[in-house]
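First the structure, in the form of structure tokens, and then the observations on it.
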Amino acid sequence: MSESQINMTSAKRWLLPDGVEEILPLEASKLEYLRRQLLDLYESWGYQLVITPLIEYLDSLLVGSSQDLDLHTVKITDQLSGRMMGIRADITPQAARIDAHCMNREGPVRLCYADNVLHTKPRGLLASRVPIRIGAEMYGHAGVDCDIELVCLMYATLKAASIENISVVLGHVGIFRALVEEAAIDADTESTLFDAVQRKAYDEIDVVLDAAVKDTTLHSMLRQLTRLSGDEAILQEAITVFEDAPNSVKKELLELVLIVEGVKERHPEMTLCFDLCELRGYAYHTGIVFAAYTPDYGRAVAKGGRYDHIGEVFGRSRPASGFDSDLKTIARLSSRTFVQKTAIIAPIGNDADLLGAIAELRARGEIVITNLLESELAAQELEDLNCDRQLQLVDGKWMVENLT
């Protein structure tokens, strides 16, 4: 092999797949600091940490999930059993299994997590294929108080990370689903309508409704629903639009109203917006859907919703609601100034007093780095190690002195 071929081969070994990145020490420290802070926040609300398997059988990993999640899941064959396995692309189905199969509690169960997932391709421009999903889920409570708590906890998550100008967008898939059922729209037409609504293709929506819905009242309600998107005035407009709607529709709308009232009582300063044709996760979401946005990012920073009955295939159907976010995105958007902790450089040696002084400093939370070189470190080397102090022998005692 020629020298040029060796150099090319060596260079290629540095390359990472598109959407896969290394995290260097300063950024890794910031991510870990935020991870600990947010998990402590969740713990203070009563959410218990779970650590789920990185890989498991597909038939349990994709339970209740959408086609989108299926497409984003990396699939491999288990060499022991021959069954198909997947590397998790989401943690929510795993948390639901833990509640249904392992916890065996009757009352509400609060779980949280923070771990890597893997996607077959990035979900958006500049998005990572290996995000760190951090989130919280509650199981076993069907009332609006559960959803109120989770919307508020999502908001508290972003505030704790010092993310500015947060807007929370609320929707409710139950309203659309109830109208579709009242209008007796068949499954194929529902799928076509759903696709047009997701793209906000209003002309296509009108064509589908004209052909499928003969009841003029339901036709009008479905058409108006797809246009109900905007600020807090939209909710009042929705109340007016559905004033004469069937009870099944009004029941879903009332649930949204009660959630909004509860959230505003706790956080009157929160900016709320509404998108009643937001049908994200329509295949498994059963009620409210919510997401947080900031002008500094083109996608949702965090998102969640209610997904009742996901645990049914695990033998225990439980009400469920939750949210998650990518910790890498949170760290990138955080306005908090992260200062890396400075260190103390110490000489290497087996002197008992020296070793005792180093141990005492580390026990007090200091970073102490022993100098393994025979000579003193140069200024640049000390800067690279972020050392601003040194441990030295002064009048027979080991003392910490500032570096000059």
Fill in the blank from the handout: Inter-part gap, Cα centre of region 301-331 to Cα centre of region 104-152, in whole angstrom, is 4
Practice task
Tell me what the chain gives for mean residue ellipticity at 222 nm when only DSSP H runs of n ≥ 4 count, each as -39,500 (n - 2.57), the sum divided by the residue total, rounded to 500 deg cm²/dmol.
Solution key: -12000 deg cm²/dmol
Practice task
Rounded to the nearest 10 degrees, what's the angle between the helix 187-198 long axis and the longest principal axis of the chain, both from Cα atoms, 0 to 90?
Solution key: 50
Practice task
Round to the nearest 10 and give me the degree value, 0 to 90, for the angle of helix 173-182's Cα axis relative to the longest principal axis of the chain.
Solution key: 20
Handout entry: With all protein chains modelled, accessible area of Arg266 [1.4 Å, Å²]
Key = 130
Problem - Volume per residue of the C-alpha convex hull in region 26-144, rounded to whole Å³ - result: 140
Exercise for the section: With +1 on each Lys and Arg Cβ and -1 on each Asp and Glu Cβ, and nothing else charged, work out how big the dipole of region 105-148 is about its Cα centre, in Debye to the nearest 20. Expected result: 380
Fill in the blank from the handout: Expected field for Leu393, accessible surface area in Å² at 1.4 Å probe radius, rounded to 10, holds 100
Completion exercise
Of Trp14, Trp398, Trp45, ordered by accessible area with the largest first and a 1.4 Å probe, the sequence is Trp14, Trp45, Trp398
Problem - Furthest towards positive pole of dipole, Leu54, Val339, Leu403, structure part the chain, Cβ charges - result: Leu54
Completion exercise
Of the listed pairs Lys75/Lys200; Lys159/Lys251; Lys200/Lys328; Lys200/Lys303; Lys303/Lys341; Lys200/Lys264, those with alpha carbons more than 26 Å apart are Lys75/Lys200; Lys159/Lys251; Lys200/Lys328; Lys303/Lys341; Lys200/Lys264
Completion exercise
In whole Hz, the Karplus estimates of ³J(HN,Hα) for region 358-365 (6.51, -1.76, 1.60; θ = phi - 60°; x where Gly or Pro) are 5, 4, 5, 5, 5, 5, 7, x
Exercise for the section: Of the DSSP beta bridges with both residues in the chain, give the percent that are antiparallel, rounding to the nearest 5. Expected result: 75
Practice task
Would you kindly derive the ³J(HN,Hα) couplings of region 252-261 from the backbone phi angles with the Karplus curve 6.51 cos²θ - 1.76 cosθ + 1.60 (θ = phi - 60°), listing them in order in whole Hz, with x for Gly and Pro?
Solution key: 5, 5, 4, 4, 5, 4, 5, 5, 4, 4
Exercise for the section: Quick one: dipole size for the chain, taken about the Cα centre, charges +1 on Lys/Arg Cβ and -1 on Asp/Glu Cβ, in debye to the nearest 20. Expected result: 460
Practice task
Tell me which residues come under 5 Å, amide H to amide H, from Val74 once H is placed; ignore anything under 5 positions away on its chain.
Solution key: Ile87, Thr120
Exercise for the section: Collect residues whose amide H, placed 1.01 Å from N in the peptide plane, falls under 5 Å from the amide H of His172; neighbours closer than 5 in sequence don't count. Expected result: Glu278, Val289
Exercise for the section: Report, to the nearest whole %, how much of the accessible area of region 283-351 belongs to carbon and sulfur atoms, 1.4 Å probe, protein only. Expected result: 51
Practice task
Compute the accessible area per residue over the chain, keeping the other protein chains in place, probe 1.4 Å, unit Å².
Solution key: 52
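The values are calculated or read from the model by the stated rules, or taken from the named source; none is laboratory data. A quick note: this is a predicted structure, and the numbers were derived from the prediction, not measured. Using ideal geometry, Cβ is built from the backbone for each residue, glycine included, and neighbour counts are taken over all protein chains shown. Accessible surface is based on the protein model in full, side chains and every heavy atom, while ligands, DNA and RNA are left aside. Shrake-Rupley method; radii C 1.70, N 1.55, O 1.52, S 1.80 Å.
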